[in-house]
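A short write-up of the structure that comes next.
What follows is calculated from the coordinates using simple rules that are stated; it is not laboratory data. As the structure is a prediction and not an experimental result, all values here were calculated from the model. As a convention, Cβ positions derive from the backbone with ideal geometry for all residues, glycine included, and neighbour counts pool all protein chains shown.
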Amino acid sequence: MLANHETRAKSIVELTTNGLFKRNWSSLYKAIDCFLSKKDTRQSIKMTLLKNLISDQKEHLFFLDTTPNFRPKSHKTDDRTYEVLAGRGVPGFSYSALCLGMEKSWAVPVSMERVSSNENKCDKGLEQFLDVCEKLSENSNKILVADSAYSSNKFIAGISQQKDAVLITRVRSNRKAYYTFSGHQKKLGRNKKYGDRVDLANEDGNKIVFEEKTLSGKLQYVEINSYNNLIFKGSKKLKMSDKAFNLLNIKVLNEKGERKYVRDLAISVSGAKKDSISPKQAYDFYKKRFDIEHFFKFGKTNLLMDKYQTTSSKKDESWHLLGMIAFNLLYSAKRMVSEIPLTPWNKKCSKLENITPFQTYRAMPKLFSKIDFLLDPVVKRGIPTENKRKIYLKKSNQEVVRKTKVGKNLEITIKSTFGEKTVFSKTQINAPDKNNEISKATIFAKLEKRCEKLGLLLVD
């Protein structure tokens, strides 16, 4: 029903007006409530969808991004977080989608998970990608394209674990990149790893220039300066000196040779097989990334992925998985609808250059009408006993979880008074988990050292 254009539903209950739905309208919600309650079932469905999409090709292109599901008035829904809308925080959910880049306009989802309040989108996205990589052949290249939010050191380090993975992300304008130090090392002390900082404004790399046409048919020129084997600065816990990447500075010019955009586009290509991707290929892959935005818009507008009203975050996850299945169904039916005219006066879909998701969506009612088993009478089945509601309990309002960075150190302030003069001194104690109790001995040991520096005597 989700993949059927016949109803043009604006809400979940309107789906029951479809001619293929022959049960009572309330059974739709009951079916969704009982759907995919087991984790193994969800994994098997994802595995089936992935097998249907993956071929024997040596290169697979993936897109990764998050999309919000705003629920400002759902006060009894659990685990809501603040999502950004026009510069302000609105309560709702955030879903991380990993899509496989197929034909033009088709970014087909293979994994869609909710980012809970105790997770962040980079960790969730990394988990999704590594999980999919385990199911793919080791001899194939896995190319992941994402925006600048996924260019953090932690995410780059996580992708580098896969020997066949390549990460293409946009780099923020204030991010500093360095050459690997290649000069003379001192005999004493630690070896120097970072060389000069890369100056994209005043320094040319390996330059290539090519022309391309816009969607409107206008000619434009693309100038790419590539800088190879650069490194980001890391930290004590996460070293980045051994995780080199290629940096591409992209400038777009019009027919007259003038800049079309004020800022250049900076793209990083990292991973063990980064050198197998040419600068032009990286540029083309990043342009295709916008197809995932088409999926988000189509899913919310036509597949009603953000329209399910429930107080349970788990049920909302099930509904998003159903939307993912529906979009995969549309992609599978793309070739089947190629001989179906959209309207009596229109051409067949096969004569179009690219069959879009919406064109396939419009042709689905005629396709369903030719499938015999969908026209058979439906045998009504009851609701399983374990799923029947016995006692109705009124739910209380749930607080919206605000994601904040909690400090890992406990700070102690020592106040010392000398007549009219007061001296403040601060020290910190490592406390990774704020719920763990810190022993008095640890606190007093810190205080004793601090008092010694101040020339004070600590009295218990």
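Just a few scattered comments:
- Between SER116 and LYS176, the FRET efficiency from the beta-carbon distance, with R0 = 41 Å, is close to 0.80.
- Pairs with C-alpha atoms separated by more than 32 Å, drawn from the list LYS192/LYS273; LYS237/LYS297; LYS51/LYS251, are LYS237/LYS297; LYS51/LYS251.
- Shape of segment 199-351, Cα gyration tensor, a/c cut at 1.5: oblate
- Site pair ASP131 and SER55 shows an inter-label distance of 2.7 nm when each label is modelled 7 Å from Cα along Cα→Cβ.
- Note on segment 153-252: with charges restricted to the Cβ of Lys and Arg (+1) and Asp and Glu (-1), its dipole about the Cα centre is near 880 debye.
- Residue-by-residue Karplus 3J(HN,Hα) for segment 309-317, coefficients 6.51, -1.76, 1.60, Hz, glycine and proline x: 9, 8, 9, 10, 5, 5, 5, 5, 5
- Net charge dipole, segment 13-368: roughly 560 debye, given to the nearest 20, about the Cα centre with Cβ charges of +1 for Lys and Arg and -1 for Asp and Glu.
- Alpha carbon centroid spacing (whole Å) that separates segment 92-111 from segment 265-297: 15
- Each Cα pair under 8 Å and six or more residues apart adds its separation to the average, and for segment 128-236 the resulting relative contact order is 21 percent.
- Prolate/oblate/rounded call for segment 27-185, Cα gyration tensor, a/c under 1.5 rounded: oblate
- Put a plus charge on the Cβ of each Lys and Arg, a minus charge on the Cβ of each Asp and Glu, and nothing anywhere else: the dipole of segment 49-124 about its Cα centre is then about 340 debye.
- Measuring r between the beta carbons of ARG197 and TYR261 and using R0 = 25 Å, the FRET efficiency lands at 0.55.
- Label-to-label distance, nm, for residues given as ALA272 and TYR29 (7 Å Cα→Cβ offset): 5.1
- Separation of the alpha carbons by more than 28 angstrom is noted, of LYS73/LYS366; LYS260/LYS334; LYS315/LYS366; LYS142/LYS233; LYS104/LYS300, for LYS73/LYS366; LYS260/LYS334; LYS315/LYS366.
- Inter-label distance for LEU253 and LYS314, nm, one decimal - labels placed 7 Å from Cα along Cα-to-Cβ: 6.0
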